[in-house]
Each structure stands twice: as C-alpha cells, then as structure tokens.
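Here is the structure we will look at.
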C-alpha cells in the first residue's frame, strides 16, 4: 500500500530552467509534508516542509505547493543548478494518528544539465 | 555542531551472524528514528524511540530485529541471524523534542549492510 507516490522516476532539465517535482498521496490524515534531497552514499538532507494549513511555502529557490483537495504536492526549483542533481524524496506524516513517523515516496532522480 | 552520526558506514556479515548499527543523534535531539532503504525503493519507517522508550515500532519486522536508545550512549539497531534480504541501507534520523507540531527529521549518512 503505497501511500505516497512519486510517479516520475527521473526528470531532466536545463540549467537555469524550472524543475517541478510531483508527489501524490492517498492518506487524508497526512497533515505535514517534507521534501528531502539525497546524494549517492549519503543520508537524505531536509529541504523544505509545509503544513496542511498552508498551500505554499517558499525558501530561496525552493517552493512547495500543496493542493489538499487533489492530495498533491509539488516542489519547484528555480533557477535549477547542476548541483541540484540528486534524488528527491517526498515524505508525509499524520501527526494525530501516526505520530512522528514519515512515509516516503520512491524518489525522483533530478538531473540538471549545464 | 555535528550532525547525526552513524557507524559503521559499511558492514558486511555472513548469514546467521548478528549486525549492530549505532546512531548518535544531533546535540539536543532526544527523538531517534530508524528507516531502511532497500535497493531501488524509498525509505521505510522501522522504529521511533525516545530516551529509554520505544514509542512506535510498527515498522519493525516481528522477529530478529530490535532497537534501543539507552539513557547514556547511542541508539542501537540490532539484527540477529541476518539473512540476504536484510541487505539494505539503514538510516537513522533525529529530531528536537520541543519543536511542537513541526519536527523536521535530520538524517545520518546511513549504514550499508551487506549480507553474504
């Protein structure tokens, strides 16, 4: 039962353009969402998060959008840089029912071409 | 300010041996989580601990796996009688106890377990 899905295993964009990574979820109890970036042989690095009471959160080049009715969130990176090339994981938690544990998607490999 | 520390980074065991994975959380963090990543998959939650307490172990396999977070020292994930299917990357994460509703989890570099 995959409650968090990232349907695109890979994405390739040109440097300077926008990268849009998508994530869908099925559990309506999820109320907190996070994006992590992961390089090979390293642990995930926290990027940005959003609570279900918001529909947008912005931090520098990174913006996360949440559409609760569609159970969909996306991460926008603009402008994209070659150093952004990594696997991006979407994660969610349902604090009222499941406490702090995070449920992860399968990840999207982003490649930013110079 | 050191991040989450895990050791060893790589661990090779033969079938039937025991594996012990250690995790030291970030300074000031008293909540520890363990996740497992199998090849070509996302991270899967295993267990959530606070000092001397297991809070949620719903993701732990019923047999051979155990975890602890003693009053002093690192958190330990222990796998007894390892099998080839236990080969994976095991990640530890920690979070601050007083962040209220928003508890970003910060991850260590992982331990890559290979079972021969």
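Of note:
- Under the condition of being surrounded by 13 or more Cβ atoms within 10 Å (Cβ to Cβ) and either within 12 Å of the chain's Cα centre (by Cα) or more than 13 Å from chain A (Cβ to nearest Cβ) (or both), the residues counted in the range B:1-19 number 10.
- Positions within the range A:9-29 being at pLDDT below 95 and either within 13 Å of chain B (Cβ to nearest Cβ) or surrounded by fewer than 15 Cβ atoms within 10 Å (Cβ to Cβ) (or both), in sequence order: A:9, A:28, A:29
- Scanning the range A:86-99 for residues that are crowded, with 17+ Cβ neighbours inside 10 Å and either outside any strand (DSSP E or B) or away from chain B (no Cβ under 12 Å) (or both) gives A:86, A:94, A:95, A:98.
- In summary, strands (runs of 3 or more DSSP E) completely within the range B:31-116 and bearing 1 or more residues that are facing chain A (nearest Cβ under 8 Å), without any contact (Cβ under 8 Å) to a residue 12 or more places away in the chain and touching a strand residue (DSSP E or B) at 6+ places or on another chain (Cβ under 8 Å) occur at B:53-56.
- Residues in the range A:44-73 that are touching a strand residue (DSSP E or B) at 6+ places or on another chain (Cβ under 9 Å), assigned to a loop (DSSP other than H, G, I, E, B) and within 14 Å of another protein chain (Cβ to nearest Cβ): A:44, A:52, A:54.
- Test result for residue A:102, closer than 15 Å to residue A:5 by Cα, at the interface with chain B (Cβ under 10 Å from one of its Cβ atoms), surrounded by 16 or more Cβ atoms within 10 Å (Cβ to Cβ) and within 13 Å of the chain's Cα centre (by Cα): yes
The values are calculated or read from the model by the stated rules, or taken from the named source; none is laboratory data. Computed from a predicted structure; not experimentally measured. Note: ideal-geometry Cβ built from the backbone for every residue, glycine included; neighbour counts use all protein chains shown.
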